[in-house]
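Please read the structure below before turning to the comments.
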Amino acid sequence: MRLMITIASVLLALQVASQRPENEIAPYTLIRQDNGYEERQYPEQRWICHEIVQRLARPDIYSKSFLALFAYLNGANSEGKRIPMTAPVTMEVQRVTEALQRYQMCFYLPSSFQPPSPSSSPPVPTTRGSYVITRPSMVVLTRQFGGRPETPSEWQGEAKALRAVLEGAGEKGVDFTSFIGAVYNRPTQVKDRRNEVWFVKKNE
């Protein structure tokens, strides 16, 4: 099972003024809100990502990816351009083989780099392991929760709880083989935190 997890627990030392509430959030259209969850439509979007493939997750793996992506925002790109931080920050953990796992962290790129903006082509990252991707349009089922989940098991627990709600509501055509976890707040924020898990609906 693929797993998207966030980096809230590893950014305490960074103290960046990055994910403030006024910062841009990846846009979506709310289709429906019912039974404690939401159905959303996300358009095709560009994200800057960093990837590591290795046997075991060292304690610093998330901070390494975050620092690589944060360097991109601060000018480690082909144009030496500074780019505003956005939300959410997500991390995908995917098994490649029995021995290897792939870790991919992504930041949403600001609207100035999203089509059809005239200047939509984002600069090329110069940090090793970083690249720009285009995620296709997707429909997700999600709900928000607070606190500070810090381990894969905590995120898996939230995904399991959401799955139970969706199955209880009779939702059809949902891909339960993977989920996305996202965090929207800086790690030093204690109250009113926003975390989410997403299940993607299958294309019919």
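Tabulated results
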item: Qualifying position, being farther than 24 Å from Ala26 by Cα, open to solvent by less than 40 Å² (accessible area, probe 1.4 Å) and among the hydrophobic types (A, V, I, L, M, F, W, C), among Ala169, Ala99, Ala161; result: Ala161
item: Residue selected from the range 102-157 under the condition open to solvent by less than 20 Å² (accessible area, probe 1.4 Å), among the aromatic types (Phe, Trp, Tyr) and under 16 Å from the mean Cα position of the chain (by Cα), by the criterion farthest from Phe66 (Cα to Cα); result: Trp155
item: Qualifying residue in the range 169-178 (condition: of a type in the set (S, T, N, Q) and either in contact (Cβ under 8 Å) with a residue 60 or more places away in the chain or on the phi > 0 side of the Ramachandran plot (or both)); result: yes
item: Condition met for Ala17 (at pLDDT below 90, over 29 Å from Gln101 (Cα atoms) and open to solvent by less than 70 Å² (accessible area, probe 1.4 Å)); result: yes
item: Residues that are in contact (Cβ under 8 Å) with a residue 60 or more places away in the chain and open to solvent by 50 Å² or more (accessible area, probe 1.4 Å), drawn from the range 179-200; result: Arg186, Thr188
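The values are calculated or read from the model by the stated rules, or taken from the named source; none is laboratory data. Note that the structure is a prediction, hence the values are computed from the model and not measured. Because the Cβ atoms are built from the backbone with ideal geometry, glycine has one as well, and the counts that use them run over all protein chains shown. These accessible areas exclude ligands, DNA and RNA; they are computed on the full protein's heavy atoms, side chains included. Shrake-Rupley method; radii C 1.70, N 1.55, O 1.52, S 1.80 Å.
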